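Heads up, the thing below is written out as structure tokens.
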Amino acid sequence: MLRIGEFSKLSRVSLRMLRHYDEIGLLKPAEIDRFTDYRYYREDQLPTVCRITALKDMGFALADIVKILEVYDDKARLSEYFAERERELRAQADDMARRLRLLDTARKRLRKEDKMSYNVTVKNIPERYAATVHAVIPRYEDEGTMWATLCGETAGMNLIPANPCLCAACFLDGEYKECDVEVEISKTVKGEYKDTEHVRFKTLPEVTVASCVFKGSYELINDVYAAVIEWINGNGYEFAGAMFNIYHISPAETNDPNELVTEVCYPVRKK
């Protein structure tokens, strides 16, 4: 039997943490002297404490480690825990990479190495016939599922693209929403077609917009929105409908986010 100090030295886990493991039921001493309250551990508990340390290094919470140790000899269950943790870490890595990109862009602008200018113009978009999908999606980032629906349900219809062919997403909520976002996507086409389960063919009305064409990642598009809104407020116009984006070069056409070309459009009228 090993006294807690010896066990701590061999396992490289502090006395405080060993006591905490005992309190939460993660690693109980083999024996506690009822007169002195000294904790004693068996040598065969060293592999268990090493497993705990390894799982902590993977980022598992202690509450999860308690559950994992219960099934540690079940390779299938253990593999499920590892796979779920891998998904969490990859999501965190993607989020961290996005934050680093935004930080790098902000630093460049601060040093005036990457001067961004946005040219806002007022233009008229004429009446146009389009294939549309209207849905409430979980998040703005899930817009791609709507495009997949449009493409999938019209794959055998031999749609003839209009010239120019405008692929757009109109955001119908009156405010920014973190979930349950109402969106209508559209693709302008020539001819007439029958509706499918989710795709509706209709004529979209003529609209006057304040627009700005932007080349670059969607992560930076909030700056464009702000620039267009500022221009509208400063040039005698007011908002006259739901804003929409026209995708001149979309993720379907390039894997490089810096090559995306998006036109931000706010319907407007003169005050």
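The values are calculated or read from the model by the stated rules, or taken from the named source; none is laboratory data. Just so you know, these numbers come straight off a predicted model, no measurement behind them. Counting neighbours? That spans all protein chains shown, and the Cβs are built from the backbone with ideal geometry, glycine included. The protein model used for the area step is the full one, side chains on, heavy atoms only, and it has no ligands, DNA or RNA in it. Shrake-Rupley method; radii C 1.70, N 1.55, O 1.52, S 1.80 Å.
Some observations on this one:
- For the residues 232, 24, a 1.4 Å probe over the protein chains yields an accessible-area ranking, largest first, of 24, 232.
- Ligands, DNA and RNA excluded, the heavy atoms of residue 179 present near 70 Å² of accessible surface to a 1.4 Å solvent probe.
- Mean Cα-pair separation over length for region 181-271, i.e. relative contact order, pairs under 8 Å, 6 or more apart, %: 34
- For region 149-271, the Cα-based Rg and Dmax, in that order, read 15.7, 48 Å.
- Diagonalising the gyration tensor over the Cα atoms of the chain and scaling each eigenvalue by 5 before taking the square root yields semi-axes of 59, 24, 16 Å, largest first.
- Distance between region 30-45 and region 191-258 - C-alpha centres, whole angstrom: 69
- For region 217-248, backbone nitrogen atoms closer than 13 Å to the point 7 Å from residue 176 Cα along Cα-to-C-beta are found at 219-227.
- The candidates 243, 157, 58, arranged from most to least accessible area with a 1.4 Å probe in the full protein assembly, appear as 58, 157, 243.
- Counting only residues at least eight positions apart within a chain, or on another chain, the lysines with an alpha carbon under 19 Å from that of residue 56 are 9, 28, 67, 75.
- Solvent-accessible area, 1.4 Å probe, carbon plus sulfur percent, for the chain: 51
- Dimensionless Rg/Rh of region 1-114 - Kirkwood Rh, Rg from C-alpha atoms: 1.22
- Take region 8-48 with all the other protein chains still there, run a 1.4 Å probe, and you get 71 Å² of accessible area per residue.
- Percentage relative contact order, the chain, counting C-alpha pairs under 8 Å, at least six apart: 15
- Charge dipole (debye, nearest 20) of the chain; +1 at Cβ of Lys and Arg, -1 at Cβ of Asp and Glu: 880
- Whole-number percent relative contact order across region 1-116, with pairs defined as alpha carbons under 8 Å at least 6 apart: 18
- Residue 107 - accessible surface, heavy atoms, 1.4 Å probe, Å² rounded to 10: 100
- Considering only 265, 241, 224, the residue lying farthest towards the positive end of the dipole of region 207-271 is 241, judged by Cα position with unit charges set on Cβ.
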